[in-house]
Amino acid sequence: MYAALLLTHNLLRWVVLVAGAYAILKAVAGWSGDRPYAAARRATVMFMGSVHVQLLLGLLLFLFSPTVKASMRDMAATMADPDLRFIVAEHPTFMVLAAILVTIGSIVSKGRATDQARHRAASIFMTVTLVLILSGIPWTRALVPGM
């Protein structure tokens, strides 16, 4: 079960990144033009949904990971090792914060008075969220599972 979760989590990373880039592009295009917010809203919701699914998979991985279980036995040693600290503490923290931020961004942008203000809020929140996600991804792991 762990291997399947890890594979799915690893592959879904690309869906999250593409959905995030798409949401940003739609919001920026709407902000710079006179476009209705509906298309950008759909892109934002896609991004938010993919982040939430990824977070749920990540939390399941956290529960079943042999690395995490072993690391929890000696947290002082885990925190002293930059790679283990990243996997056990930093990566989950970044991703929970990203899920919170994308949700807040969706709510804030939807609540703005004009389409231009909605696009602007979505652009800012989705960009910051994607930067947070990019900085929290363990890039030292295989970019494509099995390679």
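Overview of values
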| quantity | calculated |
| --- | --- |
| About the Cα centre, charge dipole magnitude for the chain (Lys/Arg +1, Asp/Glu -1 at Cβ), debye | 480 |
| Options [x] 66, 48, 33; [y] 55, 30, 21; [z] 40, 30, 29 - which one matches Cα extents along the principal axes in Å as calculated here | [y] |
| Sequence-separation-based contact order of region 25-142, relative, with Cα cut under 8 Å and 6+ spacing, percent | 35 |
| Value at 222 nm in deg cm²/dmol, rounded to 500, when DSSP H runs of n ≥ 4 in the chain each add -39,500 (n - 2.57) | -27000 deg cm²/dmol |
| Solvent exposure, largest accessible area first (probe 1.4 Å, DNA, RNA and ligands not counted), of Y37, Y2 | Y2, Y37 |
| Sequence of R41, R13 from largest to smallest accessible area, 1.4 Å probe | R41, R13 |
| R0 of 41 Å, Cβ-Cβ distance A76-I100: FRET efficiency to nearest 0.05 | 0.90 |
| Ordering of 16-22, 65-71 by packing [mean C-beta count within 10 Å, highest first] | 16-22, 65-71 |
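The values are calculated or read from the model by the stated rules, or taken from the named source; none is laboratory data. If you're wondering where the values come from, they're calculated on a predicted model, not measured in any experiment. Every residue, glycine as well, gets a Cβ built from its backbone with ideal geometry; the counts of neighbours run over all protein chains shown. Side chains included, ligands, DNA and RNA excluded: accessible areas come from the protein's heavy atoms. Shrake-Rupley method; radii C 1.70, N 1.55, O 1.52, S 1.80 Å.
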